[in-house]
Amino acid sequence: MTTPASRSVFINLPVTDLSRSEAFYRALGAEKNPLFSDDDTAACMVFSDAIYVMLLTHEKFSTFTDRAIPDAQKSAQMMVALSLDSRDAVDALLARASAAGGVDDPNPQQDYGFMYSRSSADPDGHIWELFWMDPDAAQQGPEAFAAQMGGG
């Protein structure tokens, strides 16, 4: 499978308290890009050259859509998954998220041997799945990897 190398992902999240949310995402390792941020309505938080999280006040978010903003503390519209380099990195990032006001494991922890995931809800309730997958399983697919390892 080939994919364009120049694509980036911008995740737009409505937030109730911009500075609190910015502090949370800084704790997770994101850096603020001042070119796409302002002091009152938006903060562009950069995780990598291809992953950006746009934190937008409800008022600002509403300028992009006529749809209602659901209460992410009560409903789930989507979950964002962020891959990490190891199981220990998953646990370490979850600890940092918790210390920064996140809620640990709003979804059940999963451990399939070749894949390990935990989740954190940010202060507004947006769920982040933090996961590690064995690189061989990622290349082969879970069924082929399990068969190779004698599990299938």
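Restricting attention to the stretch 24-33 and to residues that are surrounded by fewer than 16 Cβ atoms within 10 Å (Cβ to Cβ) and modelled with pLDDT of 95 or more, the residue that is farthest from the chain's Cα centre (by Cα) turns out to be 33.
Scanning the stretch 24-55 for residues that are touching a Lys or Arg at 6+ places or on another chain (Cβ under 9 Å) and of a type in the set (Ser, Thr, Tyr) yields 25, 41. If you go through the stretch 104-124 and keep only what is small (Gly, Ala, Ser) and at pLDDT below 95, you end up with just 113.
Against the test of being touching a His at 6+ places or on another chain (Cβ under 7 Å) and open to solvent by less than 30 Å² (accessible area, probe 1.4 Å), the options 55, 13 yield a single qualifying residue, 13. Residues in the stretch 38-50 that are open to solvent by less than 50 Å² (accessible area, probe 1.4 Å) and under 13 Å from residue 10 (Cβ atoms): 42, 43, 44, 45, 46, 47, 48, 50. Give 103, 90 a once-over and let me know the one that is under 30 Å from residue 36 (Cβ atoms), surrounded by 14 or more Cβ atoms within 10 Å (Cβ to Cβ) and in contact with a Lys or Arg (Cβ under 8 Å, 6 or more places away or on another chain). None of the other options fit; the residue is 90.
In this structure, is residue 48 under 15 Å from the mean Cα position of the chain (by Cα) and assigned to a strand (DSSP E or B)? In short, no. Note on the stretch 51-103: residues that are under 12 Å from residue 14 (Cα atoms), at pLDDT 95 or above and acidic (Asp, Glu) amount to 1. Does the stretch 60-74 contain any residue that is surrounded by 18 or more Cβ atoms within 10 Å (Cβ to Cβ), in contact with a strand residue (DSSP E or B) (Cβ under 6 Å, 6 or more places away or on another chain) and part of a loop (DSSP other than H, G, I, E, B)? No; the residues of the stretch 60-74 include none that is surrounded by 18 or more Cβ atoms within 10 Å (Cβ to Cβ), in contact with a strand residue (DSSP E or B) (Cβ under 6 Å, 6 or more places away or on another chain) and part of a loop (DSSP other than H, G, I, E, B). For the stretch 77-87, filtering for residues that are within 14 Å of the chain's Cα centre (by Cα) and either surrounded by 14 or more Cβ atoms within 10 Å (Cβ to Cβ) or of a type in the set (S, T, N, Q) (or both) leaves 5. Among residues of the stretch 75-125 being in a strand (DSSP E or B) and among the charged types (D, E, K, R), the one that is nearest to residue 56 (Cα to Cα) is 104.
The values are calculated or read from the model by the stated rules, or taken from the named source; none is laboratory data. Everything numeric in this text was worked out from a predicted model, so none of it was measured. Cβ: placed from backbone, ideal geometry, glycine included. Neighbour counts: every protein chain shown. Just so you know, the surface numbers come from the protein's heavy atoms only, side chains and all, with ligands and any DNA or RNA stripped out. Shrake-Rupley method; radii C 1.70, N 1.55, O 1.52, S 1.80 Å.
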